[in-house]
Amino acid sequence: MKSSSPPTIEPSRTNSTHFPLKLMEILDNEEITDIITWLPHGRGFTITDKKRFAAEVMPIYFKESKYTSFTRRLNRWKFTIQTQGHKKASYYHPEFVKGDVQSCQTMRPIPQPARRKKRLDIPNVAADGTGSNNLIGRAHSDSFAMQGSAGLNSGRNYMGQDPLQPRGFSGMGGGVSP
């Protein structure tokens with residue numbers, strides 16, 4: 001049954017978290033064949049209306065509702081894409097065949113690398129501005145080390161040259177030093 005009104009989709013056959021089984025359930029739903037459908041040979045599928053798929057189908061079956069998230073998940077499960085023209089694409093997997101639930105259950109995703117939690121380093125600064133992680137104190141001492149023995153107020157860089165003058169210019173004499 002094809003219509004322009006939103007279909008009534010009820011995920012009933014499986015409550016599985018196994019992505020390929022959910023996808024097979026979606027593809028077997030006759031009410032949304034104008035949005036997503038099996039290819040005639042049953043060894044792949046195509047999404048004919050990406051916007052409606054993201055708006056009407058994905059929120060019912062998946063946590064995310066962005067089409068790019070869905071395609072990322074297809075890639076993770078080793079589906080390959082076969083493009084046919086500018087907007088039409090089909091997806092294939094050797095173990096994902098219409099009606100073959102047992103092969104579908106043997107599918108495994110590509111392992112994701114473990115995520116590392118980002119740790120926020122908060123400096124250990126005392127009320128008077130001192131401390132082992134005093135950022136201002138470290139920046140000051142680092143810049144002094146880069147200045148070398150010339151000091152911070154000499155107006156010269158760590159090579160002993162005035163950074164505002166071209167190389168080889170000695171200053172007052174106007175000539176080029178050897």
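In table form, for the structure just shown:
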quantity: Answer residue from segment 43-84, given it is assigned to a strand (DSSP E or B) and hydroxyl-bearing (S, T, Y) and is least open to solvent (accessible area, probe 1.4 Å) among those; calculated: T46
quantity: Residue within segment 54-65 that is of a type in the set (F, W, Y), out of contact with any Gly (no Cβ under 7 Å at 6 or more places or on another chain) and closer than 17 Å to E95 by Cβ present; calculated: no
quantity: Every pair of residues 6+ apart whose Cβ atoms lie under 8 Å, when the first sits in segment 92-109 and is over 20 Å from I47 (Cβ atoms) while the second is of a type outside the set (D, E, K, R); calculated: V101/L21; V101/M24; S103/F96; S103/V97; Q105/H18; Q105/P20; Q105/L21
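The values are calculated or read from the model by the stated rules, or taken from the named source; none is laboratory data. Quantities reported herein were computed from a predicted structural model and do not represent experimental measurements. Backbone-built Cβ (ideal geometry, glycine too); neighbour counts: all protein chains shown. Ligands, DNA and RNA are excluded from the accessible area calculation, which covers all protein heavy atoms including side chains. Shrake-Rupley method; radii C 1.70, N 1.55, O 1.52, S 1.80 Å.
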